[in-house]
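Q: Take a look at the following structure, please.
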Amino acid sequence: MIPALAIQDLGYAYPDGTVALHGITLSVAPGECVGLLGPNGSGKSTLLRHLNGILPERLPGTGGAVAVHGEPITSANVAAVRRQLGLMFQDPDDQLFCATVREDVGFGPQQLGLGAAAAAARVQSALEQVGLVHLSHRPPHHLSNGEKRRACLAGVLACAPSILVLDEPTSGLDPRGRRELIALLRGIAATKLIATHDLELVVELCPRSIILDGGRIIADGPTTELLADEALMLAHGLERPHILQHRHPHPAKD
């Protein structure tokens, strides 16, 4: 089976010389939901920005360390890749820029060259999916944090990507907004890679997790096993989530 995402020996340094990624190799199967964990500065956001060609600043003409559905990302195919992979940024204000929510959600479908009727149907469906039809004519800056995140997700879903890449999707949400977003994500069948500090979300949604620290993969395996390993978590700036505090990774023997 061809992976939905495949990364091979990916390294990256910023222009000031700061090395953010060291030889990252991983793959995500179609339909998988994977958590990407690590402390601040571990390289999570930098890695995500490689997945739809935002980084590196100059894409290779041939080859490439990142492949989407078996196709390496290059300068020639980056536009096609972005139609398959939807990236939701950590800060919604980096993603919302139109006068109304409906216009924002419709921006992506317009770039895909869809006809007016097809684009409008995509927008309406995405707004219904995230529960924002009643706010579709409101300016994005008048939305709550949770509403902004749902508007961003609608904009991604309107492009019908097969892969969703989410950077801290529950950051800044109140408990109700967080529950609503988790329920939304659970109902989406796309392949998902979720970078987050919300370890309870990871336990609820992601059967597999990857721990990144210092730009390197530290661990990759079943979520409950990794997150229940207190020594591993503490060594990399994380904590065993409350949902696992009283759960044993293996059943006790008589």
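Q: Based on the Cβ-Cβ distance of ALA183 and GLU71, what FRET efficiency does E = 1/(1 + (r/R0)^6) give at R0 = 41 Å, to the nearest 0.05?
A: Computed FRET efficiency for ALA183 and GLU71 comes out at 0.80.
Q: What FRET efficiency would be calculated for the residue pair GLU204, MET1, taking the C-beta separation as r and a Förster radius of 30 Å, to the nearest 0.05? Could you put the intermediate results ahead of the total?
A: On the way: r = 26 Å, r/R0 = 0.86.
That pair, GLU204 with MET1, gives E of 0.70.
Q: Normalising by the residue count of the range 5-244, find the relative contact order in percent from Cα pairs under 8 Å and 6+ residues apart.
A: On the way: 441 pairs, mean separation 61.3, N = 240.
Worked out over the range 5-244, it gives 26 percent.
Q: Label 7 Å along Cα→Cβ of HIS141; the range 85-116 residues with amide nitrogen under 16 Å?
A: Output list for this probe position: 92-101, 104.
Q: From zero up to wherever the largest Cα-Cα distance of the range 49-125 sits, split into 10 Å bins and tell me the percent of pairs in each.
A: 17, 40, 32, 11
Q: Using Cβ counts within 10 Å as a stand-in for footprinting exposure, how do HIS197, HIS134, HIS50 rank, fewest first?
A: Working: HIS197 17, HIS134 8, HIS50 21.
The most exposed by this proxy come first: HIS134, HIS197, HIS50.
Q: Rounded to the nearest 5, what is the percent of antiparallel bridges among the DSSP beta bridges in the chain?
A: Details: 17 of 34 bridges.
Beta bridges within the chain, antiparallel portion: roughly 50 percent.
Q: Based on the alpha-carbon set only, what is the convex hull volume of the chain divided per residue, in Å³? Could the numbers behind the result be given before it?
A: Values: hull volume 36.4 nm³, N = 254.
Per-residue hull volume (Cα only) is 143 Å³.
Q: Obtain the nm distance between the two label points defined at GLN110 and THR62 by a simple spin-label model: each point lies 7 Å from its Cα along the Cα-to-C-beta direction.
A: It is 3.8 nm.
Q: Helix-only estimate, please: 222 nm mean residue ellipticity of the chain, summing -39500 (n - 2.57) across DSSP H runs of length 4 or more and dividing by its residues, to the nearest 500. Could the numbers behind the result be given before it?
A: Numbers: 9 runs with 84 residues, N = 254.
Result for the chain, helices only: -9500 deg cm²/dmol.
Q: Follow-up. So, R0 is 22 Å and r is the distance between the beta-carbons of GLU225 and VAL19; what FRET efficiency does that work out to, to 0.05?
A: Values: r = 29 Å, r/R0 = 1.34.
That pair, GLU225 with VAL19, gives E of 0.15.
Q: Right, here's the next one. By count of other Cβ within 10 Å, fewest leading, how are ARG186, ARG150, ARG58 ordered?
A: Fewest-to-most ranking of ARG186, ARG150, ARG58: ARG58, ARG186, ARG150.
Q: Just rank VAL28, VAL66, fewest to most, by other beta-carbon atoms within 10 angstrom. Could the numbers behind the result be given before it?
A: Working: VAL28 22, VAL66 25.
Listed from fewest to most nearby Cβ atoms, that is VAL28, VAL66.
Q: Could you calculate the contour length gain from VAL78 to GLN8, that is, 0.36 nm times the residue separation minus the distance between their Cα atoms, to one decimal place in nm? Provide the component values of the computation, followed by the final result.
A: On the way: separation 70, 0.36 × 70 = 25.20 nm, distance 1.75 nm.
Contour length minus the Cα-Cα distance gives 23.4 nm.
FYI, it's all coordinate maths here, none of it is from the lab. Just so we're clear, the structure is a prediction, and the values are computed from it rather than from any experiment. Note: ideal-geometry Cβ built from the backbone for every residue, glycine included; neighbour counts use all protein chains shown.
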